[in-house]
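First comes the structure, then the notes that go with it.
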Amino acid sequence: TGGHTTEILRLLSCLSESYSPRHYVLADSDKMSEAKIRSFEQKRAEKFSKSQFSLDRIPRSREVRQSWISSVVTTLYSILYSLPLTYKRKPDLILCNGPGTCVPVCLSAFLLGLLRIKRTIIVYVESICRVETLSLSGKILYYFSDYFIVQWPDLKKKYPRSVYLGRIV
Amino acid sequence: FRFKDSLAEELQSADLVISHAGAGSCLETLEKGKPLIVVINDRLMDNHQLELAKQLHRDGYVLYCNCSTLVETLQSMDLSALKPFPPGQPEKFASFLDKAFGLQ
């Protein structure tokens with residue numbers, strides 16, 4: 001969604017073509033991110049001729065301020081929905097930065113790793129908005145990610161397993 | 001206007017930007033070197049947007065206020081005291097990932 005998309009595209013901006021093909025996963029309710037992504041990929045294709053990408057949509061796992069109990073149910077549903085997608089794509093790397101959409105995708109990949117089907121490196125970059133506290137996605141994925149990146153030093157202190165590279169978006 | 005793809009044009013020609021505390025709005029504005037007043041929606045509880053606005057303000061990059069203090073802020077502001085905003089460094093992220101994947 002919105003700000004998350006902008007941030008993630010910035011994160012992608014300096015990556016080499018080793019990080020290809022790129023599979024974008026969006027919430028079905030997200031109207032605006034697709035245009036931003038296509039625009040980014042179009043510019044990218046002008047630079048790197050073999051550049052490839054795809055777009056998939058999954059049901060949104062949680063609305064802002066949805067109750068805890070119903071969130072667990074909708075997230076479980078989203079994980080089940082994500083499993084065939086993650087299984088199909090078998091990504092080497094999942095890069096995410098905090099929208100609720102990323103939790104089921106990461107957890108489905110984590111599950112496939114436990115089942116020895118595919119080992120995916122999960123890299124989580126907490127949004128630049130998060131200076132003192134982690135988002136809910138961050139709090140969950142802190143325990144499931146291979147690399148957890150924060151953009152402010154306070155968070156590095158609070159979450160010692162995290163990586164601090166300064167502001168990267 | 002609400003669903004315009006980009007406000008880049010408007011931003012470019014603005015002398016002052018008054019915005020909510022969304023990261024995209026703040027960063028886009030600061031990167032264009034425009035003075036920014038961030039208005040916090042204080043009716044939104046658990047307002048994590050506040051964290052970024054507060055930090056940017058602490059670091060001297062923006063002015064901030066809430067809806068009720070906006071007029072007062074506009075009247076008393078000193079925009080020359082705002083510091084220029086250094087860009088983020090996604091290349092550091094790329095470098096980090098490359099090392100993690102042994103691509104260096």
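In table form, for the structure just shown:
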| item | result |
| --- | --- |
| Sole exception among (1) surrounded by fewer than 16 Cβ atoms within 10 Å (Cβ to Cβ); (2) closer than 26 Å to B:Pro87 by Cα; (3) within 12 Å of another protein chain (Cβ to nearest Cβ) for A:Asp92, by number | (2) |
| When residues of segment A:8-58 are limited to those that are closer than 23 Å to A:Ala109 by Cα and modelled with pLDDT under 90, the one nearest to the other protein chains (Cβ to nearest Cβ) | A:Asp30 |
| Qualifying residue in segment A:159-167 (condition: open to solvent by 30 Å² or more (accessible area, probe 1.4 Å), within 10 Å of another protein chain (Cβ to nearest Cβ), farther than 25 Å from B:Pro86 by Cα and in contact with a Ser or Thr (Cβ under 9 Å, 6 or more places away or on another chain)) | no |
| Residue within segment A:122-136 that is open to solvent by 10 Å² or more (accessible area, probe 1.4 Å) and more than 8 Å from every other protein chain (Cβ to nearest Cβ) present | yes |
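The values are calculated or read from the model by the stated rules, or taken from the named source; none is laboratory data. This one's a predicted model, so the numbers in the text were calculated from it and none came from an experiment. Cβ: placed from backbone, ideal geometry, glycine included. Neighbour counts: every protein chain shown. Accessible surface areas use protein heavy atoms only, side chains included; no ligands, DNA or RNA. Shrake-Rupley method; radii C 1.70, N 1.55, O 1.52, S 1.80 Å.
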